[in-house]
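Each remark here refers to the structure printed beneath this line.
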Amino acid sequence: MDRILITGALGQLGTELVPALQEVYGTDQVIATDIHNGGQLSENTRFVVLDAMDAKTITQIVDREKITQIYHLAAILSARGEQNPHHAWELNMTSLLNILELCRNRSGIKLFWPSSIGVFGEDTPRFNTPQYTVMNPTTVYGISKLAGEKWCTYYYKKHKVDVRSIRYPGLIGYRSLPGGGTTDYAVDIYYKALEEERFNCFLAPETKLPMMYMPDAIRATLELMQAEESKIRVRSSYNVSGMSFSPAEVAASIQKHIPDFSISYQPDYRQGIANSWPDSIDESYARDDWGWRQAYDLDSMTADMLENLRPRLARAI
Ligand code: NAD
Ligand code: SER
């Protein structure tokens with residue numbers, strides 16, 4: 001029987017991944033942890049306040065609960081990372097290394113650790129970015145994710161740690177808010193469209209970035225973790241991307257439902273980060289190895305986001 005530990009479980013991704021894992025493996029088999037306890041997980045969730053850098057307590061939980069899968073989500077994302085680069089590096093690196101070490105010393109633990117499109121840089125091919133290519137990230141977040149990918153490959157090759165990873169693009173969902181990334185505008189825009197019918201974007205209109213709707217991201221994560229070990233050729237991190245769009249394109253998609261919606265643009269320091277990232281991603285390794293196929297495009301995501309957000313915002317008033 002699989003037993004699951006999740007770090008950073010109250011963030012944008014964890015808030016959606018925890019219920020999905022509970023559904024697959026059973027509520028009692030899933031232990032959600034985060035450094036604070038102010039999240040939106042269901043009441044019956046087994047939750048522990050845990051600093052992801054506290055290797056001793058993580059080891060105690062893993063041994064006591066006979067954990068077989070770890071989803072290590074705790075991290076500082078791209079935009080927030082630039083506010084305090086040393087802290088971002090410390091959390092993103094130390095916590096991963098501690099958990100890789102823990103897995104090395106215990107056989108049979110499968111580890112999921114997310115990487116990001118932040119690993120790419122200005123001299124990376126911008127369109128249909130290949131799985132293997134030039135990677136010179138410009139943010140501390142990207143540097144930590146690239147170093148993390150190298151450590152994952154090292155622990156797989158040297159110590160046979162079954163670590164699996166996805167380079168998520170910007171994630172968009174209606175159940176949770178993002179925590180300080182460059183792609184956060186693509187969630188906020190839906191809230192502002194419904195609340196105020198206008199939005200001031202911190203990226204320029206034509207800035208295209210790879211994005212993914214949360215149901216696709218959750219399904220990709222579960223499918224990768226459930227794939228046979230022999231199918232996983234990439235032990236750094238898989239390119240995946242549901243879609244690519246710019247702020248002007250998502251605004252046009254929203255206007256099909258809310259014709260009076262308007263957008264203005266006031267690019268800030270996040271524009272520089274976005275400019276260093278790809279427009280679109282080649283996900284053929286994920287497709288070939290574990291059968292990855294996206295379900296949502298921009299318009300189907302917009303329709304679903306607005307349909308689900310509208311009643312949630314109405315209830316919050
Ligand atoms: P988030 O910022 O929303 O959540 C991160 C969580 O980590 C928060 O709940 C925070 O409280 C927690 N945390 C911070 N410091 C901690 C510590 N010391 N110990 C334990 N928990 C701590 O981030 P997210 O969007 O949920 O991202 C989850 C993972 O997915 C990250 O590794 C991120 O790099 C990766 N990722 C996310 C996206 C995206 O668009 N959301 C894209 C690419 C990769
Ligand atoms: N959405 C993330 C960010 O903007 C990409 O890793 O930081």
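The values are calculated or read from the model by the stated rules, or taken from the named source; none is laboratory data. Quick caveat: nothing in here was measured; it's all calculated off a predicted structure. All Cβ positions, even for glycine, are placed from backbone atoms using ideal geometry, and neighbour counts span all protein chains on display.
A few points about this structure:
- So Glu16, is it among the acidic types (Asp, Glu), under 26 Å from Ala316 (Cβ atoms) and either surrounded by fewer than 18 Cβ atoms within 10 Å (Cβ to Cβ) or more than 17 Å from the chain's Cα centre (by Cα) (or both): no
- The single condition from (1) in contact (Cβ under 8 Å) with a residue 60 or more places away in the chain; (2) of a type outside the set (Gly, Ala, Ser); (3) surrounded by 15 or more Cβ atoms within 10 Å (Cβ to Cβ) that Lys66 fails is (3).
- Residue among Ser115, Ser78 that is in contact with an Asp or Glu (Cβ under 9 Å, 6 or more places away or on another chain), within 30 Å of Asn275 (Cβ to Cβ) and in contact (Cβ under 8 Å) with a residue 40 or more places away in the chain: Ser115
- Boolean, Ser78 is within 9 Å of ligand 1 (Cβ to nearest atom) and among the hydroxyl-bearing types (Ser, Thr, Tyr): yes
- Filter result for Gly272 (at pLDDT 95 or above and at positive phi): no
- Identification of helices (runs of 4 or more DSSP H) wholly contained in segment 227-315 with 1 or more residues that are among the acidic types (Asp, Glu) yields 247-255, 284-290.
- Filtered residue count, segment 184-202, keeping only those that are assigned to a loop (DSSP other than H, G, I, E, B) and in contact (Cβ under 8 Å) with a residue 40 or more places away in the chain: 3
- Of all residues in segment 102-123, those satisfying the criterion of being more than 16 Å from ligand 1 (Cβ to nearest atom) and part of a loop (DSSP other than H, G, I, E, B) are Asn105, Arg106, Ser107, Gly108, Ile109, Glu122, Asp123.
- Residue list for segment 1-52, filter: of a type in the set (D, E, K, R) and either out of contact with any strand residue (DSSP E or B) (no Cβ under 8 Å at 6 or more places or on another chain) or closer than 17 Å to Trp113 by Cα (or both): Arg3, Glu16, Glu23, Asp34, Glu43, Asp51
- Selection over segment 7-59 of residues that are of a type in the set (S, T, N, Q), in contact with an Asp or Glu (Cβ under 8 Å, 6 or more places away or on another chain) and near ligand 1 (Cβ under 7 Å from one of its atoms) gives a count of 1.
- Filtered by the rule that a residue be of a type outside the set (Ser, Thr, Tyr) and more than 6 Å from ligand 1 (Cβ to nearest atom), segment 167-179 gives Arg167, Pro169, Ile172, Gly173, Arg175, Leu177.
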